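Working notes, beginning with the structure itself.
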Amino acid sequence: MFETLLFDIKNNIATITFNRPELMNCFNKQMSIDLQHATDQVRADPSIRALLINGAGKLFMAGGDIQFFSEKLDTMPAGVMEIVRALNASIINLMQMPKPVVASVHGSVAGVGISIMSACDLVIAADHTKFTMAYSGIGISPDGGASYLLPKLVGTKKAMEWILLSDLFDAQTAHSFGLINFVVPSDQLANETQHLMIRLANGPTQSYSHAKRLVNYSWQNTLETHLEQEGRAFEACSVTQDFKIGVTGFVRKNKPEFIGK
């Protein structure tokens, strides 16, 4: 179905796997196209209640495809914006789709891999994972929303440090600055990721959708606007089946079994 990705839907969970392990899952033009189409599909499918993004092989993603850049040096910047716009559409899909998105990362995460990871709602990482922004190492500026998201996640000074210096940092550092949510032993990453995905896929999907939108748009709203939007979201959730299930379960002291509606 896709040249550079594996795509699967099971038990209301979609999984997108970067699948160029022989090339360290480096991001190229075809992957930008494939990722846009895959995220379009997930965003539009109401049966999907959670999305997992991971990488095949020894690492999540080693950034952009340097060999591709090398081959195109004499024709730059032709075609650059085509790749960028497909990537941008994917970032928007990840942040605006009305369902939680989880990145499960291991090995190495560099450049655009951090951009994609940052656009996800939650990130779980193997404890030996290494991170680097990488961009300044090849004399290029960030893409995929890194310069927008990173300052909001970790603060302007730390974002500038990572972007300008491109130094390596470990999972514990990423966790301490709020770039990732969970750090687990490498041999437990798959199991812990699966537990998290099942929890999200069985959760109150409409509540998640409204909460995600509120958090992401809080960056650009005034307090007055945001409070009104919070109220409207609360109002909308109050008529969902999951709200009735949740309240009834609480009153009866039963664990609610949400249906996502």
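The values are calculated or read from the model by the stated rules, or taken from the named source; none is laboratory data. Here the structure is a predicted model, which is why all the values come from computation and not from measurement. Quick reminder, even Gly has a Cβ in these numbers, built from the backbone with ideal geometry, and neighbours come from all protein chains shown. When the accessible area is computed, the model is the full protein with side chains, heavy atoms only, and any ligands, DNA or RNA have been set aside. Shrake-Rupley method; radii C 1.70, N 1.55, O 1.52, S 1.80 Å.
Counting pairs of alpha carbon atoms under 8 Å apart in space and at least six apart in sequence, what relative contact order in percent does region 108-223 give? Spell out each step's value before the answer.
On the way: 131 pairs, mean separation 34.4, N = 116.
Relative contact order of region 108-223: 30 percent.
Give the shape of region 68-109 as rounded, prolate or oblate, defined through the alpha-carbon gyration tensor: a ≥ b ≥ c are the square roots of its eigenvalues, a/c under 1.5 means rounded, and otherwise the shape is prolate if a/b is larger than b/c and oblate if not. Please report the intermediate quantities before stating the final value.
Numbers: a/c = 7.04, a/b = 1.69, b/c = 4.17.
Cα axes put region 68-109 in the oblate bin.
Explain nothing, just the number: relative contact order of region 24-81, from Cα pairs under 8 Å at least 6 residues apart, as a whole percent. If you can, show how the numbers build up before the last one.
Working: 30 pairs, mean separation 32.0, N = 58.
For region 24-81, the relative contact order is 55 percent.
Leaving out ligands, DNA and RNA, what percent of the accessible area of region 72-180 is carbon and sulfur, probe 1.4 Å? Walk me through the intermediate numbers first.
Numbers: 2840 of 4710 Å².
Percent of accessible area from carbon and sulfur atoms in region 72-180: 60.
Count the net charge of all other residues whose Cβ sits under 9 Å from the Cβ of Lys212, scoring Lys and Arg as +1 and Asp and Glu as -1.
Values: positive: Lys99, Arg213; negative: Asp121.
Computed value for this residue: +1.
What angle, in degrees between 0 and 90 and rounded to the nearest 10, separates the Cα long axis of helix 189-201 from the longest principal axis of the Cα atoms of the chain?
Here the helix axis deviates by roughly 40 degrees.
Can you give the direction-averaged projected area of the convex hull of the alpha-carbon atoms in region 8-86, in nm²? Spell out each step's value before the answer.
Working: hull surface 22.6 nm².
Computed as one quarter of the Cα hull surface, the answer is 5.6 nm².
For region 92-208, rounded, prolate or oblate, judged on the Cα gyration tensor with a ≥ b ≥ c (square roots of eigenvalues), a/c < 1.5 rounded, else prolate if a/b > b/c?
On the way: a/c = 2.26, a/b = 1.43, b/c = 1.58.
In terms of gyration-tensor shape, oblate.
Ranked from highest to lowest mean number of other Cβ atoms within 10 Å per residue, what is the order of the peptides 147-158, 15-26? Before the final figure, lay out each step's value.
Details: 147-158: 15.6, 15-26: 20.2.
Per-residue Cβ counts within 10 Å, averaged per peptide and sorted highest first, yield 15-26, 147-158.
Is the shape of region 104-143 best called rounded, prolate or oblate, per the rule: a/c under 1.5 gives rounded, else a/b larger than b/c gives prolate, else oblate, with a ≥ b ≥ c the square roots of the Cα gyration tensor eigenvalues? Kindly include the intermediate steps, with their values, before the conclusion.
Working: a/c = 4.15, a/b = 1.55, b/c = 2.69.
It is oblate, given that a/c is not under 1.5 and a/b is not larger than b/c.
So how long is each side of the chain along the principal axes, counting just the alpha-carbon atoms, biggest first, in Å?
66, 40, 34
With a probe of 1.4 Å, find how much accessible area the chain has per residue, and write the answer as a whole number in Å². Walk me through the intermediate numbers first.
Details: 13770 Å² over 261 residues.
Roughly 53 Å² per residue, with all protein chains present.
Work out the charge dipole of region 1-150 with +1 on the Cβ of Lys and Arg and -1 on the Cβ of Asp and Glu about the Cα centre, then indicate which of Ser47, Met133, Ile114 is farthest towards its positive end.
Ser47
Around Asp167, under 12 Å between beta carbons, what's the net of Lys plus Arg minus Asp minus Glu among the other residues? Please report the intermediate quantities before stating the final value.
Values: positive: Lys130, Lys158; negative: Glu161, Asp170.
Surrounding charge for Asp167 is 0.
Highest mean first, what order results for 63-76, 179-192 on Cβ atoms within 10 Å? List each step's numbers first, then the result.
On the way: 63-76: 13.7, 179-192: 16.4.
Sorting 63-76, 179-192 by mean packing, highest first, produces 179-192, 63-76.
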